[in-house]
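Worksheet: one structure, shown below.
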Amino acid sequence: MLNIAGRNFRSRLFTGTGKFSSAAVMKAALEASGSEMVTVALRRVDLADPADDIMSVLDREHFFFLPNTSGARDADEAVRLAHLARAAGGTNWLKLEVTPDPRTLLPDPVETLKATEQLVAEDFVVLPYINADPILALRLQDAGAAAVMPLGSPIGTNHGLLTRFQVGIIIEQARVPVVVDAGLGVPSHAAEAMELGADAVLVNTAIAVAAEPVKMARAFAAAVEAGRMAYEAGPGEQRSQADASSPSGGLDFLHDE
Amino acid sequence: MVTSQEYLAITCNGESRQVAPGTTVASLIRQLNLDPGQMAVELDGRVLAPEEVAASELAAGSRVELIRFVGGG
């Protein structure tokens, strides 16, 4: 059972709620995924269309909301969003996302560390989104982050675990759960992250933009389960030389003349 | 009779509005057909606690931001 900050999760697949074609598709896909924690963003209420509230379709008894600070370009903006998240949702959990460059959406490590320190001091449960930098991951754990969320590849690019080597180091050194977040484009990417030893993954784009999001959600759920089971089952080593699967003895009838 | 000069000019979500003196933030939200319980509220850059939303009166130049959860990754 996965435990983050004292909260248990049966599913190791976390999901985002963005980019779905409709509220109904989002609800069906998230339910099919088995995910128990979903991210949400914070934005101005559209005064011209106030009834447009996609979040009202998700049962908060079933899905734990993890507000993100998407849109924040520095620590100050992230902290402001954090305060709004707490007021809007009555939760002190936060996915800390500080992304100053919209072209790459890569997280600013300095501002992320600064915001983590401030928000931990204000009693937030902080899950920082980071590049797969093992030193930064340790600094954030020292600062009190409840988990670390290294990216596989940039948000929405679907390139999978480009950062596999560094993510492996982060997993090896981590004292808190590691959630691989961003860039996982197909279920095999998620399975790979889990086989590497990740505690969970977070997937949004790959499910939301699939031709059949409900089916893709189920596929990701299966992959996360398979990858975790494989990790726990203790896979064999990769070898440089072949090692026969069938016996080498009992072949004299064939090999002797 | 309340003349237009007695209305307060405020900003809500970046838009100019006029409200009667004594209007609370909660009252403004309800006038917009919204539910104060479904959003976070900032007044002049500060997040308001739920009880402050009902108690805070708007003044001339007040800047209100109404923020809520939307889909995101």
Helix A:164-173 versus the longest principal axis of chain A: what angle, 0 to 90°, nearest 10, using Cα atoms? 80 degrees
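How far, in nm, would the chain grow between A:Asp101 and A:Arg10 when pulled straight, counting 0.36 nm per residue and subtracting the alpha carbon separation?
Result: 29.3 nm gained on full extension.
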Segment A:126-139 - phi-based ³J(HN,Hα) in whole Hz, Karplus 6.51/-1.76/1.60, Gly and Pro as x: 9, 10, x, 8, 9, 6, 7, 9, x, 5, 4, 4, 5, 4
Do you know the relative contact order of chain A, to the nearest whole percent, from alpha carbon pairs under 8 angstrom that are 6+ apart? 18 percent
Give the long-range amide H neighbours of B:Val70: residues separated by 5 or more places, or on another chain, with amide H under 5 Å away, using H modelled in the peptide plane at 1.01 Å from N. A:Ala41, A:Leu42, A:Arg43
Taking just the C-alpha trace of chain B, give me its Rg and Dmax in Å. 12.6, 51
Using every alpha carbon pair in the protein assembly as shown, what percent of pairs falls into each 20 Å bin from 0 up to the bin containing the largest distance? 29, 48, 16, 4, 1, 0
Mind pulling the angle between the C-alpha long axis of helix A:75-89 and the longest principal axis of chain A? Nearest 10 degrees, somewhere in 0 to 90. 80 degrees
Could you sort out which of A:Lys95/A:Lys215; A:Lys27/A:Lys95; A:Lys19/A:Lys114 sit more than 23 Å apart by Cα distance in this structure? A:Lys95/A:Lys215; A:Lys19/A:Lys114
Using amide H atoms built in the peptide plane, which far-off residues or other-chain residues are under 5 Å from A:Leu96 H to H? A:Leu127, A:Tyr129
Trypsin sites (Lys or Arg not before Pro) restricted to segment A:192-257 and DSSP loop, no more than 11 other C-beta within 10 Å: A:Arg239
If one computes P(r) from the Cα atoms of segment A:111-257, what percent of pairs lie at distances over 22 Å? 50 percent
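Only the coordinates and a few stated rules stand behind these numbers; no lab work does. Quick caveat, the model's predicted, so the values are computed rather than measured. Cβ sites come from the backbone with ideal geometry, for glycine too, and all protein chains shown count toward neighbours.
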